[in-house]
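Worksheet: the structure to be examined is printed underneath.
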Amino acid sequence: MTGRLFLHELRAQQRLFWRTWEATFFTFLLPIIFLAIFGAIYGDADIDGTRGSTFLLGGMIGFGIAASAFGGLAITVVLRRESGLLKRIRGTPLPPWIHLGAMIGSVLIVTAISVAVQLVLAHLAFDADLPGSPWSFAIELLVGTAAFAALGLAITGFVRSAEGSSAIVNAIYLPMTFISGAWFSTEAMPTFLQAIAEILPLTHLLRLLRGSIVSGETVVDHPTNLIALAAWGVIGLVLALRAFRWEPRAT
Amino acid sequence: MRAIEVRGLHKSYGSRKVLHGLDLKIESGEIFALLGPNGAGKTTTIEILEGYRDRDSGEVQVLGEDPATAGSELRARIGIVLQSSAVYPQLSVVEILKLFAGYYTSPRDIEQVLALVGLSDRRNARVRTLSGGQKRRIDLGLALVGNPELIFMDEPTTGFDPEARHQAWDTIRGLRDLGATILLTTHYLEEAHQLSDRLAILHEGVIAAMGTPEGLLAASGAVKITYQRDGELVVMRTDEPTRVLHELTTQALADGVELEGLEVRRPSLEELFLDVVGADE
């Protein structure tokens, strides 16, 4: 029964995602578009001793996960909460956690497709390297998506209105993608920004992903990054459990 | 079995007391209207019954269960129309009904729901393209799709034009005829009068009056007699209209004057309502 309900809800969440062009564009297409643009610009260059396209591939996959699991999920949840949809769902026999679980499951599907497209594009068009261990790479994607989804649910508790949701969420994760080094090398950054980067979850996810793609390493080679990322996920979960609201906050 | 039984319900928001000692009994199969001025606690009451809000004290039974602790079994037996419309704008009418039908173990037939809410010819339209009134009918459809025994409706016809309101009344009567119990709030007194089997007026956190619309009007007694004399409007209220009217007309005949604009009528539900809630307004 629970499994059937989850699949029923997951199918609906997928349909809703692909019919929402803002979500499709900003969380699915944008990382692919940026990979194509920046791959053409500096795909052949050398960044931190790595081929530019390989460096960029890891960066855009990380950016995509932050955009969909954190940004897209948080904005969607706030819009649904403020419109009263979450409240309405709580008035049906559907367990609310199945609704949230299906939203996160839908993010995972979108991430998987997006990553597959990026791997093919980067490899064929820009001669980028591919992950050495697919299984370890999959684990990294899974932990990264889960951690950012938890943080995304947590941030909804601090966003009070639908109008402000995309501004607040973008103001948080877009600077993070620059400081964490999704787009370019962070070596030339001022020391205080490098110190901040050491804390940010995306930095740790990018090290895991680039470890896989650049040098064929696995999660076992980067235990501290994996632990740091998981710790962010736990912090997100604790905050989400405290701050998450089902009912509209703006009145 | 009673559909709803409430005894001594108390609820405060901070220092603001909203309900103090509310008692309510709603029988299975009736349409019950909860009336009251804005801020009287109608939505608070209905949301406690729906399980959205906790109560401070009092006993509440909805279909024999306590909504504060009940799980999805109770939610499968009730339908809810919230005060504001909330639906997925990206889905078509039939898609959103099918989505919600999937949450229930024995849902109502989708074609029947479409027919009940009058959206059969808009079945494939995306929700975002519908008018406000049509979206409100989807709200109603989503409340019916689980084939509920008890339906809560918080101001279901607010914002409707008169024709749409009459259609909604027909739908709601149809649901009762199919065996459902309906609790609705409204601030349209005519709606309560036309639609409800029984109604209650909520005032200052308690039920101030309760009964059938006709019974309440009959019990309020006073018949209003108005006429004009020497250009001045005279209004009389009496429990003995026959005697008063006889005396009045006898006197007028004897004086050889006409009672201009003579009118004898029972007060409307609106006047009854204002009598009940209007003392301090």
Find the eigenvalues of the gyration tensor of the Cα atoms of chain B, then list the square roots of 5 times those eigenvalues as equivalent ellipsoid semi-axes, largest first, in whole angstrom. 42, 24, 16
Tell me the mean residue ellipticity at 222 nm calculated for chain B from its helices only (DSSP H runs of n ≥ 4, each -39500 (n - 2.57), averaged over every residue, nearest 500). -10000 deg cm²/dmol
Kirkwood calc, the stretch B:142-199, C-alpha pairs only, radius in angstrom 11.7 Å
Among residues other than B:P162 whose Cβ falls under 12 Å from its Cβ, what is the net charge (Lys/Arg +1, Asp/Glu -1)? -3
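So, with +1 on the Cβ of K and R and -1 on the Cβ of D and E, and no other charges, what is the size of the charge dipole of the stretch B:84-199 about its Cα centre, to the nearest 20 debye?
Dipole of the stretch B:84-199, to the nearest 20 debye: 400 debye.
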Using 7 Å Cα-to-Cβ label points, what is the B:R265/B:E65 separation (nm, one decimal)? 4.7 nm
Given B:K98/B:K135; A:K87/B:K135; A:K87/B:K17; B:K42/B:K224, which pairs have Cα atoms separated by over 19 Å? A:K87/B:K17; B:K42/B:K224
Two pseudo-spin positions, 7 Å from Cα along C-beta at A:L79 and at A:W97, lie apart in nanometres by 2.7 nm
Please build a GNM for chain A, connecting alpha carbons under 10 Å apart, and tell me which residue among A:R19, A:R160, A:R81 fluctuates the most. A:R19
Testing the spin-label approximation: label points 7 Å from Cα along Cα→Cβ at A:H123 and A:L174. State their distance in nm. 3.3 nm
Taking 30 Å as R0, compute the FRET efficiency from the Cβ-Cβ separation of B:K135 and A:I199 and round it to 0.05. 0.10
Run lengths n ≥ 4 of DSSP H only: what is the helix-derived mean residue ellipticity at 222 nm for chain A, with -39500 (n - 2.57) per run over all residues, to the nearest 500? -23500 deg cm²/dmol
Does the stretch B:99-190 come out rounded, prolate or oblate, given a ≥ b ≥ c as the square roots of the eigenvalues of its C-alpha gyration tensor, rounded meaning a/c under 1.5 and, failing that, prolate meaning a/b above b/c? oblate
Cα centroids of the stretch B:1-48 and the stretch B:109-147: how far apart, whole angstrom? 28 Å
Rule-of-thumb check for the stretch B:34-110: C-alpha Rg over 2.2 N^0.38 Å? 1.32
Could you state, as a whole-number percent, how many of the C-alpha pairs of the stretch B:167-281 are farther apart than 26 Å? 40 percent
Taking the 0 to 90 degree range and rounding to the nearest ten, how far is the long axis of helix A:223-243 tilted relative to the main principal axis of chain A, both from C-alpha atoms? 20 degrees
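A:R4 to A:F158: extension gain in nm, 0.36 nm per residue of separation minus the Cα-Cα distance?
Details: separation 154, 0.36 × 154 = 55.44 nm, distance 3.30 nm.
Answer, rounded to one decimal: 52.1 nm.
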Restricting to Cα atoms and excluding each atom paired with itself, what does the Kirkwood estimate give for the stretch A:2-243 in Å? 18.3 Å
0 to 90° range, to nearest 10: angle between helix A:30-42 axis and chain A longest Cα axis: 10 degrees
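Where Rh is the Kirkwood radius over the Cα pairs of the stretch A:120-251, the temperature 37 °C and the viscosity 0.692 mPa s, what D in µm²/s does Stokes-Einstein return?
Translational diffusion coefficient: 201 µm²/s.
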Which of B:A222, B:P241, B:A208, positive extreme of dipole for chain B (C-beta unit charges): B:A208
What is the distance in Å between the Cα centres of the stretch A:140-203 and the stretch A:1-31? 22 Å
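Over the stretch A:2-243, what is the relative contact order in percent, taking alpha-carbon pairs closer than 8 angstrom and at least six residues apart?
This gives 27 percent for the stretch A:2-243.
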Helix A:2-18: inclination vs chain A longest Cα principal axis, degrees, rounded to 10, gives 70 degrees
Please report, to two decimal places, log10 I(q)/I(0) for the stretch B:222-274 at q = 0.19, 0.21, 0.22 Å⁻¹ as given by the Debye formula with identical point scatterers on the Cα atoms and no solvent. -0.66, -0.78, -0.84
In a Debye calculation with equal point scatterers on the alpha-carbon sites of the stretch A:63-130 and no solvent, what is log10 I(q)/I(0) at q = 0.17, 0.18, 0.28 Å⁻¹? -0.69, -0.74, -1.17
Treating the protein assembly as shown as a set of equal point scatterers at the Cα positions, no solvent, please give the Debye-formula log₁₀ I(q)/I(0) at q = 0.09 Å⁻¹. -0.77
Give the average over all directions of the projected area of the C-alpha convex hull of the stretch A:72-193, one decimal, in nm². 10.1 nm²
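Taken together, the values in this text are just the output of simple stated rules run on the coordinates, not laboratory data. All figures in this text were calculated on a predicted structure; none of them were measured in a lab. Cβ: placed from backbone, ideal geometry, glycine included. Neighbour counts: every protein chain shown.
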